[in-house]
Amino acid sequence: DRLERPSRSRSERGGRSASPAPEVEPEIELGVLRAATPEPAADRLSTGIARLDDLLLGGLPPRAHLVLLGDTFVGKEIVLYTFLAEGLKLGEPAVLVTGARSPEEVAESLGVVLPQFREFERLGLVTWIDASGDGAAATPQRIVTHGPSDRAGILTGLAQVAKRLETDHPVRFRVGFLGLSAVIGGGDDRSGLAFLQNAVGILKLREAVAMYALESGAISE
């Protein structure tokens with residue numbers, strides 16, 4: 001019987017084969033195959049919104065203050081709610097200053113973004129500064145002012161809460177200011193900006209990161 005020699009491979013014949021492309025290690029979690037995602041930069045804080053984090057080069061820097069300026073119903077509040085929710089999930093306390101809507105209304109809206117919001121509230125991780133003027137009573141977790149025009153009361157409450165959090169929760173905390181237009185839009189631009197500078201000055205002394213929702217036209221450009 002005639003035995004046939006097996007044909008030589010291309011490499012044995014002197015040909016060169018292309019090197020295989022390097023493989024990317026996938027991330028496997030609970031049986032789901034998905035592409036690996038980069039970790040956020042160590043010196044940046046996630047807003048909870050991946051595309052916004054990308055625009056901010058990885059997130060907000062520590063002790064940052066970001067004003068969300070835009071028309072009504074363009075999604076400013078959703079960005080702010082997501083920012084606070086991200087912090088609560090990391091164990092960071094949240095301070096909500098509301099100058100227009102009541103805390104109950106805000107909590108209901110925030111619960112859409114973070115269904116466990118009321119649980120975090122019961123754990124003492126949420127503090128309200130209520131400047132909505134709805135007549136609610138003060139509680140250990142809610143400071144009530146005389147309405148949105150009570151700028152001194154808002155600043156005093158903010159300083160009290162910031163000082164308490166430094167003692168009770170020696171970690172970073174996040175601040176969300178809703179209805180800023182109702183607080184600074186009633187007077188002249190100079191006094192409104194002075195109020196905002198004072199609020200930032202109080203928080204800049206602490207490990208705080210803040211977002212402010214401001215309607216377009218509330219103050220001059």
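FYI, it's all coordinate maths here, none of it is from the lab. Here the structure is a predicted model, which is why all the values come from computation and not from measurement. Cβ placement follows ideal geometry from the backbone for every residue including glycine, while neighbour counts extend to all protein chains displayed.
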Among Ala107, Ala152, Ala137, which residue has its Cα positioned farthest towards the positive end of the charge dipole of segment 63-215, with +1 placed on the Cβ of Lys and Arg, -1 on the Cβ of Asp and Glu, and the dipole taken about the Cα centre?
-> Ala152
Positive-pole candidate from Gln197, Leu178, Leu68, dipole of segment 63-215, charges at beta carbon = Gln197
Computed magnitude of the charge dipole of segment 88-221 (debye, nearest 20; Cβ of K, R +1, Cβ of D, E -1) | 440
13 Å beta-carbon shell around Gly99, net charge (K/R +1, D/E -1) = -4
Which of the peptides 134-143, 192-201, 170-179 is most tightly packed, and how do the rest follow, judged by the mean count of other Cβ atoms within 10 Å per residue?
-> 170-179, 192-201, 134-143
Distance histogram for segment 63-215 (every C-alpha pair counted, 5 angstrom bins, percent rounded to whole numbers) = 2, 10, 21, 25, 23, 15, 4, 1, 0
Total charge of the residues flanking Glu207 in space, meaning their Cβ is under 12 Å from its Cβ, with Lys and Arg +1 and Asp and Glu -1, is +3
